[in-house]
1. Taking θ = phi - 60°, what integer Hz values does the Karplus form 6.51 cos²θ - 1.76 cosθ + 1.60 yield along region 410-426, in sequence order, with x for Gly and Pro?
2. Can you spot the lysines whose alpha carbon is less than 23 Å from LYS274's alpha carbon? Ignore those fewer than 8 places along the same chain.
3. My understanding is that a pair violates if its Cα-Cα distance is over 23 Å; which of LYS105/LYS349; LYS4/LYS65; LYS234/LYS392; LYS4/LYS109; LYS23/LYS101; LYS26/LYS147 do that in this structure?
4. Given a 10 angstrom Cα cut-off, can you work out which residue in ARG245, ARG426, ARG389 is the most mobile in a GNM of the chain?
5. For LEU385, put the label point 7 Å out on the Cα→Cβ axis and report which residues of region 308-349 keep their amide N under 16 Å from it.
6. Give the residues of region 347-374 whose amide nitrogen is closer than 15 Å to a point set 7 Å from the Cα of ASN429 in the direction of its Cβ.
7. Per residue of the chain, what 222 nm ellipticity follows from adding -39500 (n - 2.57) for every DSSP H run with n ≥ 4, rounded to the nearest 500?
8. Which of these, ASN44, ASN407, ASN160, has the largest mean-square fluctuation under a Gaussian network model of the chain (Cα springs below 10 Å)?
Amino acid sequence: MFNKDFIFGASTASYQIEGSIDKDGKTKSIWDTYTSVKCNILDNSDGTMVCDSYIKYKDDVKILKELGVKAYRFSIAWTRVIDENNNPNQLGLDYYINLCKELIKNDIKPFITLYHWDMPQWLEDKGGFLNDDISDYFEHYADVVTKALGEYATDYITINEPQVIFTLGHVYCVHAPATKFTDKEMLQAIHNLLKCHGKAVKVIRKNVKNSTVGFAPCSRPAVPTDKNNELLVKKCYDKYFECKREIEFPNRVAIYSDPVFLGDYPKEYYEEFKGDIPNITKEDLELISQPVDYIYQNYYSGNYYSLEENNNLSMEDFCFGYPEGNIDWLQVVPETLYYGPKFLYERYKKPIIISENGFCNNDVISLDGKVHDPERTDYIQRYLLELERISKEIEVKGYFVWSLFDNFEWNAGLRKRFGLVYIDYRNGNRIKKDSFFEYQKIIKNGGI
Ligand code: GBH
(Lines give C-alpha, C1' and ligand atoms only; values in the text may rest on other atoms or scores of the structure.)
Protein backbone atom coordinates (compact mmCIF):
# COMPACT_ATOMS: atom_id res chain seq x y z
CA MET A 1 0.00 0.00 0.00
CA PHE A 2 1.02 3.56 -0.62
CA ASN A 3 0.49 6.48 1.78
CA LYS A 4 -3.02 7.84 1.90
CA ASP A 5 -2.08 11.05 0.13
CA PHE A 6 -0.21 9.27 -2.68
CA ILE A 7 -1.08 10.82 -6.05
CA PHE A 8 -2.31 8.35 -8.64
CA GLY A 9 -2.48 10.04 -12.01
CA ALA A 10 -2.45 9.67 -15.77
CA SER A 11 -0.36 11.44 -18.38
CA THR A 12 -0.72 12.72 -21.95
CA ALA A 13 0.87 15.37 -24.20
CA SER A 14 -0.63 17.97 -26.50
CA TYR A 15 0.54 16.94 -29.97
CA GLN A 16 -0.06 13.28 -29.19
CA ILE A 17 -3.77 13.63 -28.37
CA GLU A 18 -5.32 16.97 -29.32
CA GLY A 19 -5.82 16.96 -33.08
CA SER A 20 -7.32 20.19 -34.49
CA ILE A 21 -3.84 21.24 -35.55
CA ASP A 22 -4.92 24.47 -37.25
CA LYS A 23 -7.97 25.55 -35.22
CA ASP A 24 -8.37 28.83 -33.36
CA GLY A 25 -5.15 30.41 -34.52
CA LYS A 26 -2.77 27.59 -33.69
CA THR A 27 0.52 28.03 -35.55
CA LYS A 28 2.68 25.20 -36.89
CA SER A 29 4.99 23.33 -34.58
CA ILE A 30 8.12 21.41 -35.58
CA TRP A 31 5.99 18.24 -35.41
CA ASP A 32 3.52 19.61 -37.97
CA THR A 33 6.47 20.21 -40.24
CA TYR A 34 8.17 16.90 -39.54
CA THR A 35 5.05 14.78 -40.07
CA SER A 36 4.32 16.47 -43.38
CA VAL A 37 7.40 14.86 -44.91
CA LYS A 38 6.58 11.44 -46.32
CA CYS A 39 8.38 8.51 -44.64
CA ASN A 40 9.40 10.41 -41.51
CA ILE A 41 6.63 8.59 -39.62
CA LEU A 42 6.42 4.79 -39.69
CA ASP A 43 2.80 4.72 -40.89
CA ASN A 44 2.69 8.22 -42.39
CA SER A 45 0.19 9.30 -39.74
CA ASP A 46 0.21 12.73 -38.08
CA GLY A 47 -1.50 14.77 -35.38
CA THR A 48 -4.46 15.97 -37.47
CA MET A 49 -7.07 13.93 -35.58
CA VAL A 50 -5.48 11.48 -33.12
CA CYS A 51 -7.69 11.36 -29.98
CA ASP A 52 -9.55 14.52 -30.94
CA SER A 53 -9.07 15.81 -27.41
CA TYR A 54 -9.26 19.46 -28.46
CA ILE A 55 -12.93 18.79 -29.18
CA LYS A 56 -13.68 15.93 -26.78
CA TYR A 57 -11.96 17.25 -23.64
CA LYS A 58 -15.11 16.94 -21.53
CA ASP A 59 -15.33 13.32 -22.52
CA ASP A 60 -11.63 12.91 -21.57
CA VAL A 61 -12.36 14.23 -18.10
CA LYS A 62 -15.31 11.84 -17.70
CA ILE A 63 -12.99 8.95 -18.47
CA LEU A 64 -10.40 10.22 -15.99
CA LYS A 65 -13.13 10.50 -13.38
CA GLU A 66 -14.21 6.93 -13.96
CA LEU A 67 -10.60 5.80 -13.74
CA GLY A 68 -10.45 7.46 -10.33
CA VAL A 69 -7.20 9.40 -10.71
CA LYS A 70 -6.53 12.35 -8.44
CA ALA A 71 -4.37 14.11 -11.01
CA TYR A 72 -4.04 14.54 -14.76
CA ARG A 73 -0.75 15.51 -16.36
CA PHE A 74 -1.15 17.11 -19.78
CA SER A 75 0.95 19.53 -21.79
CA ILE A 76 0.23 22.91 -23.30
CA ALA A 77 0.87 23.50 -27.00
CA TRP A 78 3.04 26.61 -27.14
CA THR A 79 1.70 27.06 -30.69
CA ARG A 80 -1.89 27.43 -29.45
CA VAL A 81 -1.29 30.09 -26.84
CA ILE A 82 1.38 32.31 -28.48
CA ASP A 83 1.12 33.63 -32.01
CA GLU A 84 3.88 34.29 -34.55
CA ASN A 85 4.36 37.82 -33.25
CA ASN A 86 4.97 36.39 -29.80
CA ASN A 87 1.62 37.69 -28.53
CA PRO A 88 -0.88 35.68 -26.45
CA ASN A 89 -3.69 33.91 -28.32
CA GLN A 90 -6.76 33.99 -26.10
CA LEU A 91 -8.65 31.32 -28.07
CA GLY A 92 -5.88 28.83 -27.42
CA LEU A 93 -5.65 29.78 -23.75
CA ASP A 94 -9.42 29.33 -23.41
CA TYR A 95 -9.10 25.68 -24.35
CA TYR A 96 -6.73 25.01 -21.45
CA ILE A 97 -8.76 27.16 -19.06
CA ASN A 98 -11.87 25.14 -19.91
CA LEU A 99 -9.98 21.89 -19.51
CA CYS A 100 -8.70 22.96 -16.09
CA LYS A 101 -12.17 24.04 -14.97
CA GLU A 102 -13.62 20.74 -16.05
CA LEU A 103 -10.91 18.85 -14.16
CA ILE A 104 -11.40 20.84 -10.99
CA LYS A 105 -15.14 20.36 -11.15
CA ASN A 106 -14.41 16.65 -11.05
CA ASP A 107 -11.81 16.84 -8.24
CA ILE A 108 -8.88 16.10 -10.52
CA LYS A 109 -5.74 18.19 -10.09
CA PRO A 110 -4.16 19.53 -13.27
CA PHE A 111 -0.39 18.94 -13.57
CA ILE A 112 0.80 21.07 -16.45
CA THR A 113 3.81 20.35 -18.64
CA LEU A 114 4.94 23.50 -20.43
CA TYR A 115 7.10 21.87 -23.06
CA HIS A 116 6.49 18.39 -24.44
CA TRP A 117 8.52 18.76 -27.65
CA ASP A 118 6.23 20.86 -29.89
CA MET A 119 8.43 23.91 -30.49
CA PRO A 120 6.75 26.61 -32.61
CA GLN A 121 8.16 26.34 -36.13
CA TRP A 122 8.71 30.10 -36.30
CA LEU A 123 11.00 29.80 -33.28
CA GLU A 124 12.80 26.81 -34.70
CA ASP A 125 13.43 28.96 -37.78
CA LYS A 126 15.25 31.34 -35.44
CA GLY A 127 17.48 28.51 -34.20
CA GLY A 128 15.30 26.78 -31.58
CA PHE A 129 17.36 25.77 -28.54
CA LEU A 130 20.48 27.19 -30.18
CA ASN A 131 18.99 30.68 -30.21
CA ASP A 132 20.67 32.82 -27.53
CA ASP A 133 17.29 34.31 -26.63
CA ILE A 134 15.31 31.07 -26.46
CA SER A 135 15.07 31.27 -22.67
CA ASP A 136 13.51 34.75 -22.94
CA TYR A 137 10.90 33.42 -25.36
CA PHE A 138 10.26 30.53 -23.00
CA GLU A 139 9.98 32.87 -20.02
CA HIS A 140 7.40 34.94 -21.87
CA TYR A 141 5.44 31.80 -22.82
CA ALA A 142 5.52 30.57 -19.19
CA ASP A 143 4.37 34.00 -18.06
CA VAL A 144 1.37 34.00 -20.41
CA VAL A 145 0.38 30.46 -19.40
CA THR A 146 0.66 30.96 -15.66
CA LYS A 147 -1.15 34.31 -15.72
CA ALA A 148 -4.05 32.60 -17.49
CA LEU A 149 -4.02 29.28 -15.63
CA GLY A 150 -2.45 30.12 -12.28
CA GLU A 151 -5.77 30.32 -10.48
CA TYR A 152 -6.71 26.82 -11.65
CA ALA A 153 -3.44 24.94 -11.67
CA THR A 154 -0.66 25.06 -9.09
CA ASP A 155 1.56 22.20 -10.28
CA TYR A 156 3.97 22.69 -13.17
CA ILE A 157 6.56 20.68 -15.04
CA THR A 158 8.76 22.92 -17.14
CA ILE A 159 10.21 20.51 -19.72
CA ASN A 160 9.60 16.89 -20.64
CA GLU A 161 12.57 14.62 -21.38
CA PRO A 162 15.38 16.88 -22.57
CA GLN A 163 17.22 13.63 -23.29
CA VAL A 164 14.83 12.73 -26.08
CA ILE A 165 14.67 16.26 -27.49
CA PHE A 166 18.41 16.17 -28.09
CA THR A 167 19.24 12.51 -28.67
CA LEU A 168 16.42 11.78 -31.09
CA GLY A 169 15.99 15.31 -32.48
CA HIS A 170 19.67 16.27 -32.87
CA VAL A 171 21.91 13.17 -32.73
CA TYR A 172 20.02 10.38 -34.51
CA CYS A 173 17.68 12.85 -36.22
CA VAL A 174 14.59 10.62 -36.08
CA HIS A 175 12.44 13.17 -34.25
CA ALA A 176 11.61 16.76 -35.20
CA PRO A 177 13.37 18.95 -36.05
CA ALA A 178 15.99 16.39 -37.15
CA THR A 179 18.99 18.66 -37.39
CA LYS A 180 22.40 17.33 -36.42
CA PHE A 181 24.31 19.16 -33.68
CA THR A 182 28.05 19.10 -33.12
CA ASP A 183 29.09 18.38 -29.53
CA LYS A 184 29.76 22.07 -29.05
CA GLU A 185 26.31 23.03 -30.29
CA MET A 186 24.76 20.29 -28.18
CA LEU A 187 26.34 21.58 -24.99
CA GLN A 188 25.20 25.11 -25.82
CA ALA A 189 21.65 23.91 -26.53
CA ILE A 190 21.55 21.92 -23.29
CA HIS A 191 22.67 24.98 -21.37
CA ASN A 192 20.05 27.13 -23.09
CA LEU A 193 17.35 24.59 -22.30
CA LEU A 194 18.35 24.57 -18.64
CA LYS A 195 18.07 28.36 -18.64
CA CYS A 196 14.55 27.99 -20.09
CA HIS A 197 13.77 25.80 -17.12
CA GLY A 198 15.26 28.29 -14.67
CA LYS A 199 13.44 31.29 -16.05
CA ALA A 200 10.15 29.40 -16.09
CA VAL A 201 10.59 28.40 -12.44
CA LYS A 202 11.01 32.07 -11.55
CA VAL A 203 7.88 33.10 -13.43
CA ILE A 204 5.79 30.26 -12.00
CA ARG A 205 6.81 31.24 -8.46
CA LYS A 206 5.86 34.84 -9.20
CA ASN A 207 2.49 34.18 -10.85
CA VAL A 208 1.15 31.15 -8.99
CA LYS A 209 0.32 31.01 -5.30
CA ASN A 210 1.36 27.76 -3.58
CA SER A 211 2.96 26.49 -6.75
CA THR A 212 4.99 23.32 -7.11
CA VAL A 213 7.58 23.01 -9.87
CA GLY A 214 9.87 20.43 -11.37
CA PHE A 215 11.20 19.16 -14.67
CA ALA A 216 10.72 15.67 -16.06
CA PRO A 217 13.77 13.95 -17.50
CA CYS A 218 13.69 10.32 -18.53
CA SER A 219 16.26 7.74 -17.72
CA ARG A 220 17.14 4.10 -17.86
CA PRO A 221 18.71 3.05 -14.58
CA ALA A 222 21.45 0.51 -14.16
CA VAL A 223 19.77 -2.23 -12.10
CA PRO A 224 21.89 -4.62 -10.04
CA THR A 225 21.04 -8.31 -10.47
CA ASP A 226 22.10 -8.96 -6.86
CA LYS A 227 20.72 -6.49 -4.35
CA ASN A 228 23.00 -7.77 -1.59
CA ASN A 229 26.19 -7.07 -3.47
CA GLU A 230 27.16 -3.62 -2.21
CA LEU A 231 29.96 -3.12 -4.70
CA LEU A 232 27.63 -3.94 -7.56
CA VAL A 233 24.94 -1.54 -6.29
CA LYS A 234 27.54 1.21 -5.90
CA LYS A 235 28.83 0.61 -9.42
CA CYS A 236 25.29 0.74 -10.82
CA TYR A 237 24.81 4.09 -9.10
CA ASP A 238 28.01 5.41 -10.68
CA LYS A 239 27.02 4.07 -14.08
CA TYR A 240 23.63 5.77 -13.85
CA PHE A 241 25.17 9.19 -13.21
CA GLU A 242 28.10 8.88 -15.61
CA CYS A 243 28.86 11.93 -17.75
CA LYS A 244 31.14 10.80 -20.57
CA ARG A 245 31.62 12.09 -24.08
CA GLU A 246 30.00 9.36 -26.13
CA ILE A 247 27.46 9.48 -28.91
CA GLU A 248 24.56 9.27 -26.46
CA PHE A 249 25.84 11.76 -23.90
CA PRO A 250 22.69 13.92 -24.30
CA ASN A 251 20.69 10.86 -23.19
CA ARG A 252 22.26 10.83 -19.72
CA VAL A 253 21.03 11.94 -16.28
CA ALA A 254 23.62 14.05 -14.48
CA ILE A 255 24.28 16.52 -17.30
CA TYR A 256 20.78 17.97 -16.73
CA SER A 257 19.94 17.07 -13.16
CA ASP A 258 23.20 18.02 -11.45
CA PRO A 259 22.89 21.67 -12.55
CA VAL A 260 19.22 21.76 -11.52
CA PHE A 261 19.54 20.04 -8.15
CA LEU A 262 23.19 20.50 -7.19
CA GLY A 263 23.91 23.89 -8.73
CA ASP A 264 26.62 22.86 -11.20
CA TYR A 265 27.49 20.41 -13.94
CA PRO A 266 29.31 17.28 -12.75
CA LYS A 267 33.08 17.55 -12.34
CA GLU A 268 33.44 14.95 -15.07
CA TYR A 269 31.68 17.32 -17.51
CA TYR A 270 34.40 19.94 -17.32
CA GLU A 271 37.09 17.32 -18.06
CA GLU A 272 35.24 15.37 -20.74
CA PHE A 273 34.01 18.29 -22.82
CA LYS A 274 37.03 20.58 -22.59
CA GLY A 275 37.13 22.81 -25.67
CA ASP A 276 33.39 22.54 -26.36
CA ILE A 277 31.98 23.98 -23.14
CA PRO A 278 29.70 27.02 -23.49
CA ASN A 279 30.07 30.18 -21.46
CA ILE A 280 28.59 29.24 -18.07
CA THR A 281 28.23 32.10 -15.62
CA LYS A 282 27.56 32.05 -11.89
CA GLU A 283 24.24 33.79 -12.58
CA ASP A 284 23.27 31.05 -15.05
CA LEU A 285 23.93 28.36 -12.47
CA GLU A 286 21.95 30.24 -9.82
CA LEU A 287 19.06 30.63 -12.23
CA ILE A 288 19.11 26.95 -13.21
CA SER A 289 19.34 25.66 -9.66
CA GLN A 290 16.52 27.58 -8.03
CA PRO A 291 14.74 25.31 -5.59
CA VAL A 292 12.20 22.94 -7.10
CA ASP A 293 9.74 20.77 -5.22
CA TYR A 294 10.02 17.34 -6.76
CA ILE A 295 12.24 15.08 -8.75
CA TYR A 296 10.00 14.06 -11.62
CA GLN A 297 11.19 11.16 -13.74
CA ASN A 298 9.82 9.18 -16.68
CA TYR A 299 10.72 5.50 -16.29
CA TYR A 300 9.96 2.68 -18.68
CA SER A 301 12.90 0.35 -18.68
CA GLY A 302 16.34 -0.31 -17.25
CA ASN A 303 19.41 -2.41 -17.83
CA TYR A 304 20.46 -5.30 -15.58
CA TYR A 305 24.08 -5.41 -14.53
CA SER A 306 26.24 -7.94 -12.76
CA LEU A 307 29.92 -8.06 -11.82
CA GLU A 308 32.52 -9.97 -13.79
CA GLU A 309 35.34 -11.81 -12.04
CA ASN A 310 37.58 -8.74 -12.22
CA ASN A 311 34.72 -6.73 -10.65
CA ASN A 312 33.95 -4.85 -13.86
CA LEU A 313 30.29 -4.17 -14.64
CA SER A 314 28.72 -6.31 -17.29
CA MET A 315 25.34 -5.61 -18.85
CA GLU A 316 22.93 -8.51 -19.18
CA ASP A 317 22.08 -9.29 -22.75
CA PHE A 318 18.43 -8.85 -23.66
CA CYS A 319 18.73 -11.35 -26.50
CA PHE A 320 17.79 -14.23 -24.17
CA GLY A 321 14.10 -13.57 -24.52
CA TYR A 322 13.46 -10.99 -21.85
CA PRO A 323 9.79 -10.01 -21.78
CA GLU A 324 9.37 -6.81 -23.70
CA GLY A 325 6.78 -4.48 -25.14
CA ASN A 326 5.89 -3.94 -28.76
CA ILE A 327 8.63 -1.32 -29.20
CA ASP A 328 12.32 -2.08 -29.32
CA TRP A 329 13.53 -0.18 -26.24
CA LEU A 330 10.88 -1.38 -23.78
CA GLN A 331 12.20 -4.38 -21.86
CA VAL A 332 10.27 -5.33 -18.72
CA VAL A 333 12.59 -4.44 -15.84
CA PRO A 334 10.29 -3.77 -12.86
CA GLU A 335 13.18 -2.95 -10.47
CA THR A 336 13.58 0.21 -12.57
CA LEU A 337 10.99 1.68 -10.20
CA TYR A 338 13.00 0.59 -7.18
CA TYR A 339 16.57 1.51 -8.09
CA GLY A 340 15.77 4.55 -10.23
CA PRO A 341 14.04 6.47 -7.44
CA LYS A 342 16.52 5.14 -4.87
CA PHE A 343 19.55 6.43 -6.77
CA LEU A 344 17.91 9.76 -7.61
CA TYR A 345 16.94 10.30 -4.00
CA GLU A 346 20.41 9.43 -2.74
CA ARG A 347 21.96 12.04 -5.01
CA TYR A 348 19.37 14.83 -5.09
CA LYS A 349 17.40 14.31 -1.85
CA LYS A 350 13.97 15.48 -2.93
CA PRO A 351 10.58 13.75 -3.05
CA ILE A 352 10.06 11.69 -6.20
CA ILE A 353 7.13 11.64 -8.60
CA ILE A 354 7.04 9.18 -11.48
CA SER A 355 5.74 11.40 -14.26
CA GLU A 356 5.45 8.59 -16.82
CA ASN A 357 5.49 4.81 -16.79
CA GLY A 358 3.64 2.49 -19.11
CA PHE A 359 3.64 -0.29 -21.64
CA CYS A 360 3.39 -0.63 -25.41
CA ASN A 361 1.28 -3.50 -26.65
CA ASN A 362 -0.07 -4.75 -29.93
CA ASP A 363 -3.66 -4.32 -28.75
CA VAL A 364 -6.65 -5.56 -30.72
CA ILE A 365 -10.41 -5.41 -30.30
CA SER A 366 -11.54 -8.95 -29.50
CA LEU A 367 -14.68 -10.67 -30.75
CA ASP A 368 -16.40 -9.66 -27.51
CA GLY A 369 -15.78 -6.01 -28.44
CA LYS A 370 -13.29 -5.55 -25.60
CA VAL A 371 -9.53 -5.03 -25.52
CA HIS A 372 -7.69 -7.59 -23.39
CA ASP A 373 -4.15 -6.52 -22.52
CA PRO A 374 -2.85 -8.85 -19.78
CA GLU A 375 0.77 -7.88 -20.55
CA ARG A 376 0.09 -4.23 -19.71
CA THR A 377 -1.76 -5.17 -16.53
CA ASP A 378 1.14 -7.39 -15.53
CA TYR A 379 3.66 -4.64 -16.28
CA ILE A 380 1.80 -2.06 -14.18
CA GLN A 381 1.41 -4.44 -11.26
CA ARG A 382 5.07 -5.47 -11.25
CA TYR A 383 6.36 -1.91 -11.57
CA LEU A 384 4.01 -0.51 -8.92
CA LEU A 385 5.03 -3.26 -6.50
CA GLU A 386 8.64 -2.11 -6.80
CA LEU A 387 7.58 1.50 -6.33
CA GLU A 388 5.67 0.50 -3.19
CA ARG A 389 8.81 -1.19 -1.92
CA ILE A 390 11.02 1.88 -2.35
CA SER A 391 8.31 4.19 -1.02
CA LYS A 392 8.85 2.57 2.40
CA GLU A 393 12.45 3.80 2.29
CA ILE A 394 12.26 7.21 0.61
CA GLU A 395 9.67 9.88 -0.14
CA VAL A 396 7.64 8.94 -3.22
CA LYS A 397 4.72 11.28 -3.83
CA GLY A 398 3.01 10.04 -6.95
CA TYR A 399 2.77 8.00 -10.12
CA PHE A 400 1.39 9.00 -13.51
CA VAL A 401 0.69 6.19 -15.91
CA TRP A 402 1.57 6.71 -19.58
CA SER A 403 -0.89 6.98 -21.08
CA LEU A 404 -4.57 7.65 -20.65
CA PHE A 405 -5.10 7.02 -24.37
CA ASP A 406 -3.44 5.31 -27.26
CA ASN A 407 -1.96 8.26 -29.10
CA PHE A 408 0.50 9.56 -31.67
CA GLU A 409 3.74 7.80 -30.71
CA TRP A 410 6.02 10.29 -32.51
CA ASN A 411 8.03 8.72 -35.31
CA ALA A 412 6.33 5.36 -34.67
CA GLY A 413 2.96 6.90 -35.51
CA LEU A 414 -0.36 5.45 -34.41
CA ARG A 415 0.64 1.80 -34.47
CA LYS A 416 2.40 1.79 -31.13
CA ARG A 417 -0.25 1.76 -28.43
CA PHE A 418 0.44 2.83 -24.81
CA GLY A 419 -3.09 3.65 -23.64
CA LEU A 420 -5.32 2.36 -20.88
CA VAL A 421 -8.01 3.37 -23.33
CA TYR A 422 -7.96 2.02 -26.86
CA ILE A 423 -8.60 4.52 -29.65
CA ASP A 424 -10.21 3.14 -32.78
CA TYR A 425 -8.77 5.68 -35.21
CA ARG A 426 -11.22 4.65 -37.93
CA ASN A 427 -14.22 6.04 -36.08
CA GLY A 428 -12.89 7.77 -32.95
CA ASN A 429 -14.36 5.17 -30.59
CA ARG A 430 -12.73 4.92 -27.19
CA ILE A 431 -12.66 1.49 -25.59
CA LYS A 432 -11.45 0.97 -22.02
CA LYS A 433 -8.93 -1.85 -21.97
CA ASP A 434 -8.71 -4.44 -19.18
CA SER A 435 -5.70 -2.55 -17.79
CA PHE A 436 -7.95 0.49 -17.31
CA PHE A 437 -10.07 -1.48 -14.86
CA GLU A 438 -7.00 -2.94 -13.17
CA TYR A 439 -5.50 0.51 -12.59
CA GLN A 440 -8.91 1.67 -11.36
CA LYS A 441 -8.84 -1.14 -8.80
CA ILE A 442 -5.28 -0.35 -7.73
CA ILE A 443 -6.25 3.28 -7.14
CA LYS A 444 -9.31 2.27 -5.16
CA ASN A 445 -7.25 -0.08 -2.98
CA GLY A 446 -4.40 2.41 -2.59
CA GLY A 447 -1.84 -0.01 -3.99
CA ILE A 448 -1.27 -3.52 -5.25
C1 GBH B 1 8.16 9.18 -23.47
O2 GBH B 1 9.37 9.07 -24.14
C3 GBH B 1 7.51 10.43 -23.96
O4 GBH B 1 7.53 11.44 -22.98
C5 GBH B 1 6.13 10.24 -24.48
O6 GBH B 1 5.75 11.34 -25.24
C7 GBH B 1 6.08 8.94 -25.25
O8 GBH B 1 4.87 8.78 -25.94
C9 GBH B 1 6.27 7.83 -24.27
O10 GBH B 1 7.43 8.01 -23.50
C11 GBH B 1 6.33 6.45 -24.90
O12 GBH B 1 7.39 6.33 -25.76
O13 GBH B 1 17.50 4.96 -23.85
O14 GBH B 1 17.47 2.69 -24.66
O15 GBH B 1 15.51 3.60 -23.64
C16 GBH B 1 9.91 7.82 -24.37
C17 GBH B 1 11.09 7.43 -23.57
C18 GBH B 1 13.41 7.36 -23.70
C19 GBH B 1 12.16 5.97 -25.14
C20 GBH B 1 14.61 7.20 -24.61
C21 GBH B 1 13.32 5.78 -26.05
C22 GBH B 1 15.68 5.78 -26.14
C23 GBH B 1 16.19 4.41 -26.09
N24 GBH B 1 12.21 7.20 -24.43
N25 GBH B 1 14.52 5.94 -25.29
S26 GBH B 1 16.72 3.90 -24.44
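The values are calculated or read from the model by the stated rules, or taken from the named source; none is laboratory data. Fair warning: this is a prediction, and the values are worked out from it, not measured in the lab. Every residue, glycine as well, gets a Cβ built from its backbone with ideal geometry; the counts of neighbours run over all protein chains shown. When the accessible area is computed, the model is the full protein with side chains, heavy atoms only, and any ligands, DNA or RNA have been set aside. Shrake-Rupley method; radii C 1.70, N 1.55, O 1.52, S 1.80 Å.
1. Here the 3J(HN,Hα) series is 6, 5, 8, x, 8, 8, 9, 9, 10, x, 7, 10, 6, 10, 8, 5, 6 Hz.
2. Leaving aside lysines fewer than 8 places away in the same chain, those within reach of LYS274 are LYS180, LYS184, LYS195, LYS239, LYS244, LYS282.
3. Numbers: LYS105/LYS349 34 Å; LYS4/LYS65 19 Å; LYS234/LYS392 20 Å; LYS4/LYS109 16 Å; LYS23/LYS101 21 Å; LYS26/LYS147 19 Å.
Among LYS105/LYS349; LYS4/LYS65; LYS234/LYS392; LYS4/LYS109; LYS23/LYS101; LYS26/LYS147, the Cα-Cα distance tops 23 Å for LYS105/LYS349.
4. ARG426
5. 323, 332-339
6. 364-372
7. Values: 16 runs with 170 residues, N = 448.
Helices in the chain give a 222 nm mean residue ellipticity of -11500 deg cm²/dmol.
8. With Cα springs under 10 Å in the chain, the top fluctuation among ASN44, ASN407, ASN160 is at ASN44.
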